[in-house]
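Student: Input: one structure, supplied below.
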């Protein structure tokens, strides 16, 4: 039985999945299993995996009968997994070689339920790392529901809902935590929120071990196209999911008032972004009225200004991050 189960949802990933798989094969810690859940792809990814990796017993393949989204695919992986620890790898992303070893060491050493690491933004067209996701003043901090909520959603440059969890499978099974299958965007945030609200012992570490392919709509400094493009049409889904979380918090729950307040702030940020999106489509008067109705506009503007400062600070550190991790401009680990 492997110690770590890596779950990889894949859809039409034939032309780039090799880089993700190879990054697992190159881990310094080798007691793992990789479960690839094919979300009913229409390309040749199934035959490709069978032809290239059939001799590797640690790589396991499952295929969904219909396209159901990454949440459903990951849930299949959770049920199939045999590892003590579970973690996520998207099929167009990569791990740095020491990721599993570092996160496992942190989890076992401090008796944690959840560890999240920093990420490196990678532009596949330029074949280089652009910048790290975020900056911490110290090497690690406690990851709480409050920290998650204060650092998620537009206009933040890096939303903590995009963190890739490394977590104990037993914790998920005991608390019946799964990815919300009705969502195709924002499911990662809900998953993390459900773990943290159930008092998972969790930390966030400053060191980046995850190489994240930049969605074009999230980075103006990337080239004209990247493999991953989530679009900006999913804000309504994020707003609906946020409202559901609000409704699920019991009035007598610990920190209920604070959590609801923070979820309301997140809701207003999402609505401000939705209004700005509508402005781009020509609905200026309607959007302006909506912005005036939203109490979060001042906070929204503050976050925009804060991101300008953070971006300049983080970009200056990007070259140093590349030297530390050994990620080179040709994109190879």
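Student: Taking region 23-44, which residues are farther than 14 Å from residue 60 by Cα and in a helix (DSSP H, G or I)?
Tutor: Listed by number, the list holds a single entry, 23.
Student: Quick test for you: out of 60, 52, pick the one residue that is assigned to a strand (DSSP E or B), in contact with a helix residue (DSSP H, G or I) (Cβ under 9 Å, 6 or more places away or on another chain) and over 24 Å from residue 185 (Cα atoms).
Tutor: Step by step, each of 60, 52 is checked, and only 60 is assigned to a strand (DSSP E or B), in contact with a helix residue (DSSP H, G or I) (Cβ under 9 Å, 6 or more places away or on another chain) and over 24 Å from residue 185 (Cα atoms).
Student: All but one of (1) more than 25 Å from residue 111 (Cβ to Cβ); (2) crowded, with 17+ Cβ neighbours inside 10 Å hold for residue 67; which doesn't?
Tutor: (2)
Student: Continuing with the same structure: Of the residues that sit in region 106-142 and are part of a loop (DSSP other than H, G, I, E, B), in contact with a helix residue (DSSP H, G or I) (Cβ under 7 Å, 6 or more places away or on another chain) and modelled with pLDDT of 95 or more, which one is farthest from residue 276 (Cα to Cα)?
Tutor: Looking at the filtered set, the residue picked out is 112.
Student: Okay, moving on. Could you tell me which of the residues 77, 83 is over 19 Å from residue 18 (Cβ atoms), in a helix (DSSP H, G or I) and touching a residue at least 12 places away in the same chain (Cβ under 8 Å)?
Tutor: Among 77, 83, only 77 is over 19 Å from residue 18 (Cβ atoms), in a helix (DSSP H, G or I) and touching a residue at least 12 places away in the same chain (Cβ under 8 Å).
Student: Where in region 222-309 are there helices (runs of 4 or more DSSP H), lying fully within it, with 3 or more residues that are at pLDDT 85 or above?
Tutor: By residue number, 235-248, 256-280.
To keep it simple, each residue is scored yes or no on (1) farther than 25 Å from residue 97 by Cβ; (2) at pLDDT below 95; (3) within 19 Å of the chain's Cα centre (by Cα).
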residue: 15; (1), (2), (3): no, yes, no
residue: 21; (1), (2), (3): no, no, yes
residue: 24; (1), (2), (3): no, no, yes
residue: 27; (1), (2), (3): no, no, no
residue: 43; (1), (2), (3): yes, no, no
residue: 46; (1), (2), (3): yes, no, no
residue: 49; (1), (2), (3): no, no, no
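Student: Another question about this same structure. Which one is modelled with the highest pLDDT, of the residues in region 143-162 that are more than 15 Å from residue 191 (Cβ to Cβ) and not in a helix (DSSP H, G or I)?
Tutor: 144
Student: Within region 158-187, track down each residue that is touching a strand residue (DSSP E or B) at 6+ places or on another chain (Cβ under 9 Å) and touching a residue at least 60 places away in the same chain (Cβ under 8 Å).
Tutor: 164, 165, 166, 167, 168, 169, 172
Student: Additional query: Only one of 28, 87 is farther than 26 Å from residue 181 by Cα and not assigned by TED's automatic domain parsing to the domain that holds residue 168. Can you tell me which?
Tutor: The match here is 28.
The values are calculated or read from the model by the stated rules, or taken from the named source; none is laboratory data. Note that the structure is a prediction, hence the values are computed from the model and not measured. A quick note on method: Cβ atoms are made from the backbone with ideal geometry, for glycine too, and the neighbour counts reach across all protein chains shown.
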